[in-house]
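Notes follow once the structure below has been shown.
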């Protein structure tokens, strides 16, 4: 008889036994050892039928195709730019993915992107060696001018965005800022005033701290209301 | 002279008071502090990140690099020559070997994971406190790990097997044997075992049994520290 030893949303530590018996299968963040399913990350239990997943509570960014992230141009060669997206391996933007417009031969590449530029950029592909191919060719991708960047742990970004964007829309409305949350944990904020940007930053840091708590939208909403009154 | 009563009055299998906390160094990917008695260690994990010089890169996994250091003011306050000593380098190496079996380094080929262990205050058992802190820091950083690693110094003072020796016991004039041991708590597998002194097999077995039991207690403290970060409201 197989038994599940943990509950959904319980916090588990690597080495914790999640289930005994062959009926349960290890999903992400878990492994099988003999008859048991054992956690391999600090995270929250998320059972899906017989498969037990662990949603990690911390960790670096792990890129996947179609992720939209915020990067900084770090270097360039004659046909590509190298972008830092917070991952230990190289992410490159090749010339043919840089723009939907025609790029003339002999054009100055720094007219398009130069070192230090902050960009909203998309991952097309992650190679087996871990190198990343990027593109700027979708309409919403662009250079980000002005504003500031706040970094949270990448697993917390879904909480910053909220179900169907509910959380990020709440912050945008209450602070009047443009906000974009990249999958790599970087959040770009641009507001009508430094005070507005500061308020949005504080709201995001609050989400980072309390990402594991339920009813977070209400907590953030009352925080924003209280701060606006002051 | 027989050692019948411990200098600080503890039972032979009793540990000093332990405190553990994670997330103490905000800049780091993961961090933890581990205090046992007066010994106070802080570990901070940076990585995975690009590894330079390139010739150190491993094609199929990340390099785990540990940097153990005792702060200049951590001991008796006597002048300490700056820079890593031979002892620090050895302890850095055994710390790496104690942690490598549990961390999934294959996830990040050619990268490096730097683990810094600093001792703020020392009263023996420093490499073990460092390993406990480092294991917590790695879990806090979100690495995929088979298990935690708990470590303690067990040994023999005079003729008596004990666990968690302090400096006074280590320096016992009638002879003491220091046995640092690190264990993966879930399976009891040993990832570090060192011996400093002379010992016969029977005493060794007794000391190791006590050490392994102590590591189970330590693992409970470590798990509670990791959970505490997410259950405070």
Legend entry - Percent of Cα-Cα distances greater than 16 Å, calculated over the range A:148-229: 42
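Whole number please: convex hull volume per residue, Cα atoms of the range A:47-98, in Å³.
On the way: hull volume 5.9 nm³, N = 52.
So the per-residue hull volume is 114 Å³.
Just to be sure I understand: if I project the alpha-carbon convex hull of chain B onto a plane and average over all orientations, what area do I get in nm²? Let's see the in-between values first.
On the way: hull surface 55.5 nm².
Mean shadow area of the hull around the Cα atoms is 13.9 nm².
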Inset, instruction - Report, in degrees rounded to the nearest 10, the 0 to 90 angle that the Cα long axis of helix A:166-175 makes with the longest principal axis of chain A. - result: 50
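Restricting everything to alpha-carbon atoms, can you work out Rg to Rh for the range B:120-211 with a Kirkwood hydrodynamic radius? Walk me through the intermediate numbers first.
On the way: Rg = 14.1 Å, Rh = 13.8 Å.
Rg/Rh: 1.02.
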Inset, instruction - Work out how much length residue A:209 to residue A:170 would gain on full extension: take 0.36 nm times their residue separation and subtract the Cα-Cα distance, in nm to one decimal. - result: 12.3 nm
Inset, instruction - Enter the angle in degrees (range 0 to 90, nearest 10) between the Cα long axis of helix A:216-229 and the first principal axis of the Cα atoms of chain A, meaning the one along which they spread out most. - result: 50
Inset, instruction - Under 13 Å from a label point 7 Å along Cα→Cβ of residue B:168: give me every residue in the range B:4-20 with its amide N that close. - result: B:4-11
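With r as the distance between the Cβ atoms of residue B:26 and residue A:125 and R0 = 41 Å, compute the FRET efficiency 1/(1 + (r/R0)^6) and round to 0.05. Each step should come with its number before you reach the end.
Working: r = 33 Å, r/R0 = 0.82.
About 0.75, to the nearest 0.05.
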Legend entry - Stokes-Einstein D in µm²/s, Kirkwood radius over Cα pairs - the protein assembly as shown at 4 °C with 1.567 mPa s viscosity: 53
Inset, instruction - Based on other C-beta atoms within 10 Å, arrange B:10, A:41, B:86 from fewest to most. - result: B:86, B:10, A:41
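Report the calculated FRET efficiency for residue B:73 and residue A:103 (r = Cβ-Cβ distance, R0 = 41 Å), to the nearest 0.05. Each step should come with its number before you reach the end.
Numbers: r = 59 Å, r/R0 = 1.45.
The pair residue B:73/residue A:103 has a calculated efficiency of 0.10.
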Inset, instruction - First measure r as the distance between the Cβ atoms of residue B:65 and residue A:222, then evaluate 1/(1 + (r/R0)^6) with R0 = 56 Å and state the FRET efficiency to the nearest 0.05. - result: 0.80
Legend entry - Residues A:22, B:145, sorted so that the one with the fewest Cβ neighbours within 10 Å comes first: A:22, B:145
Legend entry - B:12, B:73, B:52 arranged by Cβ crowding within 10 Å, fewest neighbours leading: B:52, B:73, B:12
Inset, instruction - Using only the Cα atoms of the range A:68-135, construct the convex hull and provide its projected area averaged over every direction, in square nanometres to one decimal. - result: 4.5
Inset, instruction - Rounded to the nearest 10 degrees, what's the angle between the helix B:126-140 long axis and the longest principal axis of chain B, both from Cα atoms, 0 to 90? - result: 30
Legend entry - Residue list for the range A:72-105, given a label point 7 angstrom along the Cα-to-Cβ vector of residue A:142 and an amide N cut-off under 20 Å: A:72-73, A:97-103
Inset, instruction - Quick one: grab Rg to one decimal and Dmax as a whole number for chain A, Cα atoms only, in Å. - result: 20.9, 70
Inset, instruction - With just the Cα atoms of the range B:1-50, tell me how far they stretch along each of the three principal axes, in Å, largest first. - result: 55, 19, 14
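Quickly estimate the mean residue ellipticity at 222 nm for chain B, helices only: each DSSP H run with n ≥ 4 gives -39500 (n - 2.57), and the total goes over all residues, rounded to 500.
-9000 deg cm²/dmol
Taking 0.36 nm per residue of sequence separation and subtracting the Cα-Cα distance, how much length would be gained by fully extending the chain between residue B:8 and residue B:38, in nm to one decimal? Before the final figure, lay out each step's value.
Values: separation 30, 0.36 × 30 = 10.80 nm, distance 1.22 nm.
Residue separation times 0.36 nm, minus the Cα-Cα distance, leaves 9.6 nm.
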Inset, instruction - Largest first and to the nearest Å, give the Cα extent of the range A:3-56 along each principal axis. - result: 23, 20, 16
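No lab work stands behind these numbers, since they all come straight from the coordinates. This structure is a prediction, so every number in the text was calculated from the model and none was measured. Neighbour counts run over all protein chains shown; Cβ positions are idealised from the backbone, glycine included.
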